């Protein structure tokens, strides 16, 4: 049968089918000349123009096949108009018919050579083969529709192309059906043609390709492949993000990085809030207070661990300088070891009468190393434009960690188990981030580089002081409540404060999105900056006060659903501290203005005053009014902070105006 086809090829009528879409007339003429040069004895060319028909590629091919069959064609050659046949040996063009019912040739595309296609057995995605076969004729899963040879017997057996596909995968589908029907599919690796792939510039290509992939999977997947696809969803998402950020469209890359960070931050906050609900549901105020104290102690020195190097690394670290990244990583690692021991030592001094807290602090202190490794991975991804990698890893980690903690809380309600799981998972997180860094930077080794480290610290010391003072400011009341009262008061206050803390993402989102804009306005002219500052203050103040008032009136009706039993007193804390929100938002505007005006030293002064003011008032009033005092002091501290910043801001404006006049 093979030889019958081969011997009669000279008298067999061949139908060339080309589906056109906005194809220039000169391209049609070029194709005709190349076909004429093949010197075939009996053929006809069918140009199917889809420019104004609204038909998909498969439908166009089927129109051509019908016409070719009516014209008594025994062999159909389906092709794209953006191919070249001029380098094909015309004497061997039809040799593939000796072996196959459907076949293709070697394809040169975008400077690469492909030898047919294969289908991933689990994902059912079609991929092109880059490895040259050892024999001339090679069986493949599919051949490219850019140039496909189809015997009439194949059409008689399996019919036409599936018109369910508008564009892409119609060739993969046709070959899949052919193989399922027992037909032979492969390539002739001796002959090569060129595919210019005009569709590579089609802005809708990815949409059509994605839709066709999904359709193919639905048609041919079994239960095992469906389960595999579900389990692979996280990796699929990551691959899509990598693809989009690999494109030359920097705006799209920025959007994906920015969006992934915000989505990651929001999801992690929601997960942590869910954990908080389970904690207060299964732990007593005393136990939750102890839990809060441990974390406050561990996170107290976190700005020192960072040393401002995250900000420096993202903003100033050259993207091409791998050695500087290694030096920065080593500095962070060395400091984390020192801070680990400092955290344990201060924990022992502060809580020496409570062995349980000391043990919990030691277990949780390994979070310090986790933060160093994840922060270093963040820096690496920031300077290479791949922040979505850090977002993905962070989401997966928090999902696994918090799910495990919630399950353990629901089953045992045991603090030792909670802290043990925290110890295990954060150490695993450290190893994962280290592995990811090491994978890209294989020569990551520790060595002392004092000179380089000093240069880093000269640029980052202001961030260290600001971060440490801010950390101390937000945790002072917790420590004083524990010292002057008990873990129960810490638990009540922390449970209420958590709702307020959950809304701090508003300030964080403002800082992330607005700071670059304000920095540009400074370069344009400070008058433009001051104009925007007024607008931002009005917007955020209005938003903050609205949330505060709504919370005050609705909290007594909504929060009892969440804060039950011994935590009902936390509702008073929520209603009170929420009035600090508008002042924190206003402060964010002023603080960002100080940063872009290079007034970081003023920010240090402001936070120093805040810490002293907060400490004095809490120390005086906590013994008598407990957590109620801390709630009111929080609000009053933020009011004082805003007043200070307004005075400083007005002074800066006046000074700048005088300089302009001069």
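Quick notes on this one:
- Modelled label positions at residue 412 and residue 206, each set 7 Å beyond Cα in the direction of Cβ, lie 4.5 nm from each other.
- Zone residues, region 561-600, relative to residue 612, backbone N less than 20 Å from point 7 Å out along Cα-to-Cβ: 600
- Förster radius 56 Å - calculated FRET efficiency between residue 86 and residue 403 (Cβ-Cβ, nearest 0.05): 0.40
- Label-to-label distance for residue 125 and residue 49 is 3.8 nm, based on points extended 7 Å past Cα in the beta-carbon direction.
- In a fully extended conformation the segment linking residue 653 and residue 197 would gain 158.2 nm over its present Cα-Cα distance, using 0.36 nm per residue.
- Extension gain from residue 355 to residue 33, taking 0.36 nm per residue of separation minus the Cα-Cα distance: 106.9 nm
- Remark: the residue 539-residue 424 segment gains 37.0 nm on full extension, using 0.36 nm per residue and subtracting the alpha carbon distance.
- Order by protection proxy (mean Cβ within 10 Å, highest first), peptides 468-475, 177-184: 468-475, 177-184
- Highest mean first, the peptides 426-437, 164-175 sorted by other C-beta atoms within 10 Å per residue fall in the order 164-175, 426-437.
- For the peptides 372-381, 218-227, 134-143, residues were scored by their other Cβ atoms within 10 Å and the scores averaged per peptide; the highest-first order is 372-381, 134-143, 218-227.
None of the figures in this text is laboratory data; all of them are computed from the coordinates on show. None of these values were measured; they are calculated from a predicted model. Glycine gets a Cβ as well: all are built from the backbone with ideal geometry, and neighbour counts include every protein chain shown.
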